[in-house]
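Since every read-out is calculated from the coordinates, none of them should be taken as a lab result. Given the structure is predicted, the values throughout are model-derived calculations rather than measurements. Every residue, glycine as well, gets a Cβ built from its backbone with ideal geometry; the counts of neighbours run over all protein chains shown.
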Amino acid sequence: MDRPRERPTARPGEAPDEHESGAEVVLVAKIVREALDAYATTETADGILKRALAAAGRDGIPREPRELDRFVHDHLLVEARDRLGEDAGDAIAVRLVPLIAALERMEQRSVETLPAPAPGAEVAAPSRFATVVLAGSPQDARRLSLRVQMAVHRVVDARALVQTVEACGGAPVMIVLDCRAPNLVLRTTLRAAEPALLDGSVVALWGATQADEREWRSTFPGALVLRTDVASDVEDIAVLIRLGPE
């Protein structure tokens with residue numbers, strides 16, 4: 001008789017804190033864990049997060065920006081610097097501070113009162129980006145467009161990506177590179193684009209390696225480069241777009 005398959009053990013921070021729920025909570029926890037995983041083994045990262053949660057009296061990583069800021073600076077970074085050293089702790093902070101700032105902007109936007117549209121007027125979906133660019137499949141481009149309620153420009157090479165960003169005239173751009181399969185745009189853009197071109201843009205490396213993330217951060221220091229794991233789906237990418245700068 002076959003034994004029932006055991007469910008994988010959840011890592012610390014995967015349970016929503018208190019009554020929080022939804023894709024944004026899951027993604028915030030994922031980004032925090034990936035920031036730790038970049039500088040520590042899984043066992044060490046889990047230990048740091050477990051002790052930080054215990055010190056904060058929490059079951060999960062908070063999503064609310066003020067609570068997340070307090071948790072990161074008062075508990076998580078204290079534990080990280082204690083176990084990994086000051087340099088690694090500072091590097092983890094660099095990864096997490098933009099996340100907190102993005103959540104604060106999202107919260108501010110959520111309480112804005114928008115004027116009612118004129119009768120018969122076409123209502124445009126609000127967006128924090130002038131353009132969303134995807135180097136990926138046409139199916140994912142359509143799915144992503146439906147979830148963020150705006151056009152998603154699909155590109156197939158670095159030249160098209162550069163031209164699309166240049167056409168935005170410095171307005172914020174969200175660039176999504178699907179790295180779950182071989183993606184030539186990932187490599188060729190590093191050689192084809194001027195570093196300042198992506199200043200102020202957000203780059204999501206979907207399923208990329210840590211080496212890819214480091215290379216993109218080094219080549220485009222003015223961009224916010226985020227890496228998601230291979231298990232991320234279109235909804236996770238849509239949440240990143242909603243968390244982005246205005």
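Observations on the model:
- Alpha carbon centroid spacing (whole Å) that separates the range 31-66 from the range 141-164: 33 Å
- With the simple model of a label 7 Å out from the Cα in the direction of the Cβ, residue 211 to residue 90 spans 2.7 nm.
- Overall shape: prolate for the range 23-110, with the ratio a/c of the largest to smallest alpha carbon gyration tensor axis at 1.5 or above and a/b above b/c.
- The label point for residue 187 and the one for residue 199, both projected 7 Å from the Cα toward the Cβ, are 3.0 nm apart.
- Remark on residue 201: its backbone amide H falls under 5 Å from those of 173, 224, a criterion applied only to residues 5 or more positions apart or on other chains, H modelled at 1.01 Å from N.
- Three-way shape label, the range 131-243, alpha-carbon gyration tensor, a/c 1.5: rounded
- For the range 23-110, the relative contact order comes to 32 percent (Cα pairs under 8 Å, sequence separation of at least 6).
- The slack between residue 44 and residue 157, meaning 0.36 nm per residue of separation minus the straight C-alpha distance, is 36.8 nm.
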